[in-house]
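**Q** Pasting a structure here, questions to come.
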Amino acid sequence: MSEVLVDVKNLKKYFPTSEKDKVVKAVDDVSFRIFKGETLGVVGESGCGKSTTGRLTLKLLEPTAGSVSFKGQDLSGLKRKDMRALRREMQIIFQDPYASLDPRKTVFQILAEPYRIHHPEMSREQIYEKVTGLIDCVGLRPEHIYRYPHEFSGGQRQRVGIARAIALNPEFVVCDEPVSALDVSIQAQVINLMQDIKKEFNLTYMFISHDLRIIKHFCDRVMVMYLGNIVEIGSKEAIYEKRRHPYTQALLSAIPNIKSKDKGERILLTGDIPSPVNPPSGCPFHPRCSQCMEICKKEKPVLRTMEDGTQVACHLELS
Amino acid sequence: MSLLEVKDLKTYFYTDAGVGKAVDGVTFSLDKGKVLGIVGESGCGKSVTSLSIMRLVDPTTGRYEGGSILFEGQDILKLPEKEMRKLRGNRISMIFQEPMTSLNPVFTIGYQIEESLILHKGMDKKQARERAVELLELVGIPEAKKRVEEYPHQLSGGMRQRVMIAMALAGDPELLIADEPTTALDVTIQAQILELLKSLQKKLDMSIIIITHDLGVIAEMADEVAVMYAGDIVEKAATRELFDDPKHPYTIGLMNSIPDVEEDVERLRTLEGLVPSLYDMPAGCRFAPRCRFACAECEKQRIRLTELAGGRQVRCRRYEQ
C-alpha cells in the first residue's frame, strides 16, 4: 500500500439553523484515507456533504468533531502560522471560476499573489517568470496575463483557477466540481489539462463531482456519499462494476445512456433526498431503498470491508 | 402536415457590441406526437430558437429578421400579439431550466396553475382548483390536495419542476417546449423527470421540443435530433442514427468529449479552440476554425445543409456533391 497523504477520522460538521435545537448534519461521521499520487473521486447528489467534506479536509472549515491529518500531522492542533505554511501544499480549485477570481485584478496580479504571500523574497522578475511559466503550463498565452477575468471564457477562467492552485507546487489539490460550469467540449479540454498537470507536478487529487461519467474517467478510487455519510468507497472498478450498495446502483443506473443500444433496467428512486436537518432513523437511504429491511429503519449500518477492499455501509448480505 | 415548421428563421440581437446573429437561418419541422431534441453548447442559439417559437425574444434588442414559424400552417411571427397570447401558454407551452426563478415565490402553486386555467379555459375558481389538483396528480405530486396550498419554497427542486410541468400542461398544449428541464436537478431526480415527460408525452400525445446541452438527455427522450452550432443547425438525424453514426465533425467532437461509462480511454479527445463570437462569425463554415478537416474551400462561403440518404441532413463541405 502506498503512503497515506490525508487521513480523515470520524469527521463531523454540523451547521446551526435558525431554530435553536436543530442542526444540519452536513457531514456525519466520515472516515477515509487519500493515498499519495491517487485521485479520489467523491460523488453524490446535492446536499450529500461532498463539498463540505472537501473543505473540511483543507481546514477551510472547522470540523464539529473528528480529525484530519496531512502527512501524519493533525491539522486541528495547528497554529495559524503553521497552517499557513501547510497551505502551500494543499490547494483547491473551485466550481465557478468567475466567482473565485477577483474581478478587479489582472491574471498577473491573481497569479503573483501566492508568491508575494508565501515567498516575499522573490523579485518582481522572478515572479513574472513564474507566472508566465504557469500560464504556459495551463495552455494560456503570455499576452493573457494583463487581462481581467471577465475578458476570458469560462474554460479559460478555469485554467487561471488551475494555475493559481498549482502556483506553489502543492502536493494535494481538492477539485470541487471543477468542470461542472463548463460546456462539454470545454470540459474535456480542462479534464485533459488536469490530467497532464497531475503527472507533471506529482499531484494527489480529491475530485468532487456529481458527474458519474467524469468521475469514472478521471479517478482511481471513488467514494459515494449520501446525506452526510459514506455509503460506499472502493476502487473505481469495484464501484462501477460490482455496484454493491443499492444507492450506488440507483445512481449509476440513472446516468442517461449514450452509446449502447440496450438501455438496461433503470432503477428509478422514488421520493426526494431527505433533509439533513431531520435525517431518517437507521440507514439514511432506507426511505428510498427498494431492498429496505426492518433493521435498516432502526440501526445505522457501519462501513464493512469486502474481500476486494471496498467498504460498504449496508445491512444487506454482500460479498 | 407538420405541427410546427420553422423555415429559415433568423433572430438577431442589436446591441452596442454589434449585431449578434444568435439564430441564423434555422429550418426544421416537427410532426404531431414526436419529440425533437435540440442540442448544442452555450451560445449556439438553441434557447433563442425556442424563445422565438414562443415569441418571447426581448423586443428591445432582439428582432426576427427573416423566415417563418408555421404552427398548424399559421405563421406565428405574423400574428398580432393578442392572437399570440391565445397560443402561448395554451397550445404551445414551455418549461424552463430553473423552476425556482420561473415560479412566483409569493403565490401558492395552486394559484399559479389556476391563473392559466381561468385565463385560457374560462374556468371559475372552483373548477380551476379541481383541475389544478388533477394536474398535480398527473405529474406525480403526492398529496396533491394538500400541496396545492403550498408555496414554491416549500418544495424540493424536483417537485418544483413537476409543478412547472403541471402549469405547462394546464392549457392542454399540442406543443411543449422544454428548455434544459433537468439541468438544475440531481441525476436520480433527472431520471424521474425524464421518465415523467416521456409518459406524459405518450398519454397526452403531445409534441415536445427538448432543448439541452446533454446528449444523454437527448438519447433518452428524442425521436429526432438537431445539433446546433453558432446559430446554425449543423446536423439533423433520427436519434439512433445520430448516435451510431455521427457525420458532422462537431457532432463527432461533442460525442468524444463525453467520457463513456462503459469503456475506458486514457485521454479524452477534445475539440480545440472556442465557439466563435456571435458578433464576428466566420464567413464560411462556422466550425472551420476548430475543425480538423477544414481546408481553404470551407472558409469561402457558408455551407448548405446537405440532404443524405434516409432523410438525414448535415452541413459540411465533405458531404456536398
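**Q** To the nearest hundred square angstrom, how large is the accessible surface buried between A and B, total for both chains, probe 1.4 angstrom?
**A** In total, chains A and B hide about 3700 Å² from solvent.
**Q** Binning every alpha carbon pair distance of chain B at 10 Å from zero, what are the percents per bin?
**A** Taking all Cα pairs of chain B, the binned fractions are 6, 25, 32, 24, 10, 3, 0 percent.
**Q** Could you list, in their original order, any pairs among A:K297/B:K198; A:K12/A:K242; B:K78/B:K125; A:K36/A:K236; A:K71/A:K130; A:K13/A:K105 whose Cα atoms are separated by more than 24 Å?
**A** Correct reply: A:K297/B:K198; A:K12/A:K242; B:K78/B:K125; A:K71/A:K130; A:K13/A:K105.
**Q** Mind listing, in residue-number order, the residues in the stretch A:140-189 that have at least 40 Å² less accessible area with every protein chain present than in their own chain alone (1.4 Å probe)?
**A** Residues of the stretch A:140-189 that lose at least 40 Å² of accessible area once the other chains are added: A:D183, A:V184, A:S185, A:A188, A:Q189.
**Q** Ok, one more. In Å², and per residue, what accessible area does the stretch B:124-177 have when probed at 1.4 Å with the other protein chains present?
**A** 44
**Q** Given a 1.4 Å probe and the protein chains all in place, what does the accessible area of B:E195 round to, in Å² to the nearest 10?
**A** We get 70 Å² for B:E195.
**Q** Return the carbon/sulfur percentage of the accessible area of chain B, one whole number, probe 1.4 Å, all protein chains in place.
**A** So the carbon and sulfur contribution to the accessible surface is 49 percent.
**Q** Just need the Rg to Rh number for the stretch A:130-221, please, alpha carbons only, Kirkwood Rh.
**A** 0.95
**Q** Something else now. Mind jotting down the three principal axis lengths of chain A based on Cα atoms? Whole angstrom, largest first.
**A** 68, 52, 44
**Q** Would you be so kind as to identify which of B:Y64, B:S52, B:L36 lies farthest towards the positive end of the dipole of the stretch B:32-73, taking Lys and Arg as +1 and Asp and Glu as -1 on Cβ and the Cα centre as origin?
**A** B:L36
**Q** Can you give the relative contact order of chain A as a percent, counting alpha carbon pairs under 8 Å and 6+ residues apart?
**A** Once normalised by length, the contact order is 20 percent.
**Q** Given the options A:N169, A:P103, A:P256, identify the residue whose Cα lies farthest towards the positive end of the charge dipole of chain A (+1 on Cβ of Lys, Arg; -1 on Cβ of Asp, Glu).
**A** A:P103
**Q** Right, something else. Quote the relative contact order of the stretch A:51-128 in percent (integer), defining contacts as alpha-carbon pairs under 8 Å separated by 6+ residues.
**A** This gives 16 percent for the stretch A:51-128.
**Q** Using alpha-carbon pairs under 8 Å, 6+ residues apart, how would you state the relative contact order of the stretch A:173-302 in percent?
**A** Relative CO of the stretch A:173-302 lands at 16 percent.
**Q** Restricting things to alpha carbons, tell me how big the protein assembly as shown is in terms of Rg and Dmax, in Å.
**A** Rg then Dmax for the protein assembly as shown, in Å: 26.1, 77.
**Q** With the calculation restricted to Cα positions, what are the radius of gyration and Dmax of the stretch A:214-316 in angstrom?
**A** 14.1, 41
**Q** Oh, and also: Based on the Cα atoms of the stretch B:185-258, what semi-axes does the equivalent ellipsoid have, where each is the square root of 5 times one gyration tensor eigenvalue, given in whole Å with the largest first?
**A** 23, 15, 11
**Q** Per chain B: cysteines with no other Cys C-beta under 4.7 angstrom?
**A** B:C44, B:C291, B:C295, B:C316
The values are calculated or read from the model by the stated rules, or taken from the named source; none is laboratory data. From a predicted model like this one, the values you see are computed outputs, not experimental measurements. Reconstructed Cβ throughout: ideal geometry from the backbone, glycine too, with neighbour counts over all protein chains shown. Surface accessibility is based on the protein's heavy atoms, side chains included, excluding ligands, DNA and RNA. Shrake-Rupley method; radii C 1.70, N 1.55, O 1.52, S 1.80 Å.
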